[in-house]
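Novice: Before I ask anything, let me first share the structure, which is written out below as structure tokens.
The values are calculated or read from the model by the stated rules, or taken from the named source; none is laboratory data. Values in this document were obtained by computation on a predicted structure and should not be read as measured data. Because the Cβ atoms are built from the backbone with ideal geometry, glycine has one as well, and the counts that use them run over all protein chains shown.
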Amino acid sequence: MVRIGLMPERIFHFHRRKFLAGLGVAAIVPALRRIAAAETPQPWLLEAMPGAVALRPGPATPIWSLQSPGQALRFKRGSQIEVIFQNNLPVPAVLDFRGLDGAPAAEPLTSLLPVAPGAKAGFAVPLRRAGTFFGSLRLLGDVAALSARPFPFVVDENEPVSVDRDEVFLVEDWRLRADGTAVAPGLDPKDAGMVYTVNGRISPDITVRSYQRLRFRFINGCQRQVIALKIETPEVWVMALDGAPSEPFLARNGALVLAPGGRADAFVDAAAQTGSVAEILLHDGSAAHPIARLVTSAEPPLRPVLLPPSPALPSDGLPAQLDLKGALRVDLALAGPEWVPPANFAIAAGPVFQAKTGRTVVLALVNRADRATVFHLHGHHFRLLDQLDDGWKPFWLDTLAVEPGQTQRIAFAADYAGRWLIESVGTGWTAPRLVRWYGVG
């Protein structure tokens, strides 16, 4: 087994050939149904409900989850969906989509108010871009009675992509008490043990065929934890980050570093030798944990040789250039009295900033804490700027982990009018989730 060295305290700086610290469904979804784009919105029922997950031998652990029984997990770019959110939990809940740009009707707290137990809400969502997304109940879920699982879904490109399989890989972390119950985020875990799952399972095997090309949609579904995922294969090509296409680049040593809520689409080619095993390891900053295995089956190879490297994914319509000279510039400390828990959020408190539609915004994210803080921007994707503020990295993000005592600069085109949240949360299990908002229009 190849072991990952200790994760450095510094989260990381991106480079096209370097993916080190800074980004700061109960099984692998084998056959997600494709839904053709339609002129009228497609109804999609999402239910918040009690559930259970097997985290140890014996009875399953009670949890809360977001589910879509018998409904699609895949959609087409350019389609619209009519979401019907049903709250079957005993507490108010609000639905939060990670990564959907320009969907003001789906924006939690500024547009979508918490839904009472037993009630439902409906709203339309335009699927402007392809990518890897998930819905979540976590915005109001801290210190709740039970931990809540997110619900991944995919918006497909309209152009063909040269892969044989397309797999969601959702990583989650759990703090498990001796009696088998799970500790909710925001509460002191005390001596609770740590358990990691992949798509709700502990250490699953993923069977592949020789020379098969897989597109893994890695999702860090951990509550607060920045993680590194290492795949024991010769090449791992990163094709998209946070649901947006990137310039393809090789993950250094096959390792991906993801902030909580971050996503990475990676192309991986299965080994030639039948029976070979490639482990997928998770490093949480203190130890490496085997969390899944790629097992090459005895079936005949899918093709005689490996496929050539894939070109970049189709453009998603994000701008090629940003006007940094004429940008609205805002210094934003990631903590302070203006930040409030989501349950205390109020529009009347005023925005962090107000930008005219189409103007470039540059945010200087200042982390004065003694540990990494995760920033998430709703409504838009952003570029991570170079240290000299004279360019940007060749990818788009919506989530970034900022190192302790550091400042990172990001830029985005404020293309979508509305009121949008920004989130800040430390990387400790008990760190509070905090929010503010910004306006475009």
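Novice: Can we say Ala298 is part of a strand (DSSP E or B) and modelled with pLDDT under 95? Steps first, answer last, please.
Specialist: Working: part of a strand (DSSP E or B): no; modelled with pLDDT under 95: yes.
Taking the combined requirement at face value, the residue does not satisfy it.
Novice: Only residues that are in contact with a Ser or Thr (Cβ under 9 Å, 6 or more places away or on another chain), buried (at least 17 other Cβ atoms within 10 Å of the Cβ) and not basic (Lys, Arg): list them for the range 81-98, please. Reasoning before the result, please.
Specialist: Going through the range 81-98, the residues in contact with a Ser or Thr (Cβ under 9 Å, 6 or more places away or on another chain) turn out to be 82, 95-98.
In the following step, the residues that additionally are buried (at least 17 other Cβ atoms within 10 Å of the Cβ) were identified as 95-98.
Of everything in the range 81-98, those that are in contact with a Ser or Thr (Cβ under 9 Å, 6 or more places away or on another chain), buried (at least 17 other Cβ atoms within 10 Å of the Cβ) and not basic (Lys, Arg) turn out to be Leu95, Asp96, Phe97.
Novice: Can you tell me which residue within the range 329-340, out of those that are more than 16 Å from Leu384 (Cα to Cα) and over 25 Å from the mean Cα position of the chain (by Cα), is surrounded by the fewest Cβ atoms within 10 Å (Cβ to Cβ)?
Specialist: Here the answer is Pro337.
Novice: Can you tell me which residues in the range 195-207 are surrounded by 18 or more Cβ atoms within 10 Å (Cβ to Cβ), in contact with a Lys or Arg (Cβ under 8 Å, 6 or more places away or on another chain) and in a strand (DSSP E or B)?
Specialist: Hit for the range 195-207 is Ile206, nothing else.
Novice: Only one of these conditions is not met by Gly317: (1) under 24 Å from Asp96 (Cβ atoms); (2) touching an Asp or Glu at 6+ places or on another chain (Cβ under 9 Å); (3) modelled with pLDDT under 95. Which number is it?
Specialist: Condition (2) is where Gly317 drops out.
Novice: So, one more: If Gly418 passes every condition in (1) exposed (fewer than 15 other Cβ atoms within 10 Å of the Cβ); (2) more than 20 Å from Asn220 (Cβ to Cβ) but one, which one does it miss?
Specialist: Every condition holds for Gly418 apart from (1).
Novice: Quick one: count up the residues across the range 413-422 that are out of contact with any helix residue (DSSP H, G or I) (no Cβ under 8 Å at 6 or more places or on another chain) and of a type in the set (D, E, K, R).
Specialist: So the answer is 1.
Novice: Just one of Ala343, Ala364 is surrounded by 13 or more Cβ atoms within 10 Å (Cβ to Cβ), in contact with a helix residue (DSSP H, G or I) (Cβ under 9 Å, 6 or more places away or on another chain) and outside any loop (DSSP other than H, G, I, E, B); which is it? Let's see the steps before the verdict.
Specialist: Working: Ala364 fails: in contact with a helix residue (DSSP H, G or I) (Cβ under 9 Å, 6 or more places away or on another chain).
Exactly one of Ala343, Ala364 is surrounded by 13 or more Cβ atoms within 10 Å (Cβ to Cβ), in contact with a helix residue (DSSP H, G or I) (Cβ under 9 Å, 6 or more places away or on another chain) and outside any loop (DSSP other than H, G, I, E, B), namely Ala343.
Novice: Another question, if that's okay. Whether any residue in the range 215-234 is at pLDDT below 95 and outside any loop (DSSP other than H, G, I, E, B) is what I want to check.
Specialist: Yes: the range 215-234 contains one or more residues that are at pLDDT below 95 and outside any loop (DSSP other than H, G, I, E, B).
Novice: Can you report the number of residues in the range 175-194 which are within 14 Å of Ala145 (Cα to Cα) and part of a strand (DSSP E or B)?
Specialist: Selection size over the range 175-194: 3.
Novice: From the set of residues in the range 144-157 that are modelled with pLDDT under 95 and part of a loop (DSSP other than H, G, I, E, B), which is farthest from the chain's Cα centre (by Cα)?
Specialist: Ala145
Novice: Right, Pro69: farther than 29 Å from Ala240 by Cα and either at pLDDT 50 or above or basic (Lys, Arg) (or both) or not? So that I can check it myself, show each step before the final result.
Specialist: Values: farther than 29 Å from Ala240 by Cα: no; either at pLDDT 50 or above or basic (Lys, Arg) (or both): yes.
Here the answer is no, as Pro69 does not meet what is asked.
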